[in-house]
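Okay, so here's the structure we're looking at.
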Amino acid sequence: NVMLLLPSPPRPRTLRPLPPVLPGVLWESGVCMRPLSGEAESPGGGPPGGEPSAENDKLLRNLSIAGGDSSQVRRHRRWPTHLRESAINKTGLEQFLLARGASQEAVASIISRYPRAIVHSPQVLQRRWELWRGLVTSDLEVVSILERCPESFFRGNSNTNLEQNIAFLSSLGLSPTLLSRLLTKVPRAFSNSLELNQQMVEYLQGVCRSQGGDSPQDFALRVLSKNAFILTHSIKRVETNIDFLKGTFRLGGKDLLAALGGPGSKILDMSSDCIKRNFWNIEAKLAGLGCREEEVRAFVRSYLPMLFLSRATFNDKIDCLLQERIEISQITACPNVLSASVSTLRSRARELVDAGCHRGTLNILFLSWSKNRFDAKMRKLLKDSAGTRIGGRQPIPRP
C-alpha cells in the first residue's frame with residue numbers, strides 16, 4: 001500500500017489594514033511583504049531566510065513614468081528592498097509633493113536618491129510637513145531642502161523623534177529664526193535621534209566646565225549658533241579637533257572657549273587629517289619666507305579660519321600679495337586679509353596704490369573689507385588725494 005502525502009492547505013494570510021486615505025492622496029493597494037523596519041536584511045538584499053521576492057512591476061513602471069532612476073535605487077546596499085514592497089505610497093507621495101510646489105523632476109530625483117520616501121503613510125507625511133512648516137516660511141523652502149537632502153525629511157517612520165528634537169533644541173534657547181536657519185542649513189540635525197543631539201550638547205557643556213566657563217548652556221548655544229554642522233558628526237571628531245587646537249596653539253581656559261564660540265567653531269566638524277595637512281602647508285610656506293615657528297603659530301591662532309584653506313588656495317593668496325609687493329611682515333600682522341579671494345586682493349591692492357597709498361605703509365586690512373565699506377574708503381582716499389593736489393602739495397610718491 002502506498003500512502004499519498006498531500007500538502008496541507010495554506011493558512012489564510014491576514015492582511016494588514018490600509019490607513020485611511022487623505023483627500024487628494026492615493027495609497028496604492030496591497031500589503032507589505034514584510035515589516036518596514038525592525039527586521040534584518042539578508043546579504044543579498046532579499047527577504048531574510050528565503051528566496052528574493054520579485055520586484056514590484058507596478059512600482060517600477062510608475063517610477064519610470066515619473067522620471068525616477070531604478071538603476072540608481074538598485075545600487076544602494078539596503079534600499080533595493082523597497083522595490084519589492086507592495087504596500088507603497090508612490091503615487092500619493094508624488095501628488096503630495098506636486099501640490100506643494102515641487103516639480104516632476106524634483107519628485108523623481110527625491111525618490112531615486114531616497115526610495116524609502118515611498119513607504120510613508122499619508123498621515124506621517126502630512127504631520128511631518130506641518131512640523132517643518134512650523135520652522136520655515138513657505139512650502140517651497142521645504143521643497144528646496146528635500147531636493148538637497150531628502151534623507152533629512154523621509155528618514156524614520158515616526159514623527160515623535162522630530163517633535164522631540166524640535167522641543168529639545170528650542171529648550172536650549174535657539175530662537176525661531178535660528179531654528180529655521182538650522183533646518184535650512186543642517187536638516188539632518190532634526191532626523192538624528194534625540195539621544196545623539198543630547199549627547200553632543202552635554203559634551204559641549206562639559207568642555208565649558210572643564211575650561212572654567214561659568215555658563216555651559218550659553219556656551220553650547222553659542223557654538224551651535226556658529227556651527228550646527230557638528231550635530232551631524234561624532235563627538236570623537238569634535239574632541240579630536242579641540243585637542244588639536246589646545247595642543248598646537250596652546251589654547252586653554254577662556255581663550256579656548258572664546259575660540260570655540262567664535263571663529264574656531266567652524267573647524268570643529270572638519271576632518272582632523274585635513275586640518276593637519278592645511279596647517280603643515282601653512283608652516284612650510286611661511287618658513288620658506290623666513291617666518292619662525294612661533295610667528296607661524298601666532299599667525300594661525302589669530303585667524304583660525306585659515307585652517308580651512310587648502311594648500312593651493314593658501315599659497316595662491318600669499319603669492320598674490322607678495323607679487324603686489326606687500327611684505328610678509330604686513331601679512332602676518334593682518335591675517336584676516338586671507339578671507340578675500342585672490343582676484344579681490346589683486347584688484348584692491350592696485351586700486352589703493354593708484355589712490356596714492358604707498359605699499360610699505362598700506363593697511364592691508366582694507367583688502368578684506370566688504371564691497372560697500374571698501375568703496376567708501378576709496379572715495380575718501382580719492383577725495384583726500386584731490387584736496388592735496390588742489391592745495392599745491394605734492395601727492396604721496398608711488399613706488
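Using +1 at the Cβ of each Lys and Arg and -1 at the Cβ of each Asp and Glu in region 105-232, identify which of Q199, S144, L183 lies farthest towards the dipole's positive end.
It is S144.
What does the net charge come to around A258 if you take all other residues with beta carbon closer than 15 Å to its beta carbon, with K and R at +1 and D and E at -1?
For residues surrounding A258, the net value is +4.
Enumerate the residues in region 297-316 having an amide nitrogen under 17 Å from the point lying 7 Å beyond the Cα of D255 toward its Cβ.
Residues passing the 17 Å test: 297-305.
Write down the accessible area per residue of region 168-253 in Å², having rolled a 1.4 Å probe over the full set of protein chains. Walk me through the numbers on the way to the answer.
Values: 3910 Å² over 86 residues.
Solvent-accessible surface per residue comes out at 45 Å².
Between H233 and S170, how many nm apart are label points set 7 Å from Cα along the C-beta direction?
3.0 nm
As a quick test, which of the pairs K226/K285; K254/K276; K266/K317; K254/K371 have an alpha carbon distance above 22 angstrom in this structure? Spell out each step's value before the answer.
Numbers: K226/K285 29 Å; K254/K276 24 Å; K266/K317 20 Å; K254/K371 33 Å.
Among K226/K285; K254/K276; K266/K317; K254/K371, the Cα-Cα distance tops 22 Å for K226/K285; K254/K276; K254/K371.
Round to the nearest 0.05 the FRET efficiency obtained for N159 and S347 when R0 = 56 Å and r is the Cβ-Cβ distance.
Between N159 and S347 the formula returns 0.60.
What FRET efficiency comes out for Q104 versus K185 if R0 is 45 angstrom and r is the Cβ-Cβ distance? Round to the nearest 0.05.
My answer for the efficiency is 0.95.
Can you sort W280, W369, W129 by 1.4 Å-probe accessible area, starting with the largest? Can you show the working numbers first?
Details: W280 150, W369 45, W129 10 Å².
Largest accessible area first, the list is W280, W369, W129.
Pulled fully out, how much extra length does the chain show between E141 and K285, if you take 0.36 nm times their separation in residues and subtract their Cα-Cα distance?
47.5 nm
Using the beta-carbon distance between N363 and I328 and R0 = 22 Å, what value does 1/(1 + (r/R0)^6) give for FRET efficiency, to the nearest 0.05?
Once the sixth-power term is evaluated, E becomes 0.90.
The values are calculated or read from the model by the stated rules, or taken from the named source; none is laboratory data. These figures come from a predicted structure and were not determined experimentally. Quick reminder, even Gly has a Cβ in these numbers, built from the backbone with ideal geometry, and neighbours come from all protein chains shown. What goes into the accessible areas is simple: the full protein's heavy atoms, side chains included, and nothing from ligands, DNA or RNA. Shrake-Rupley method; radii C 1.70, N 1.55, O 1.52, S 1.80 Å.
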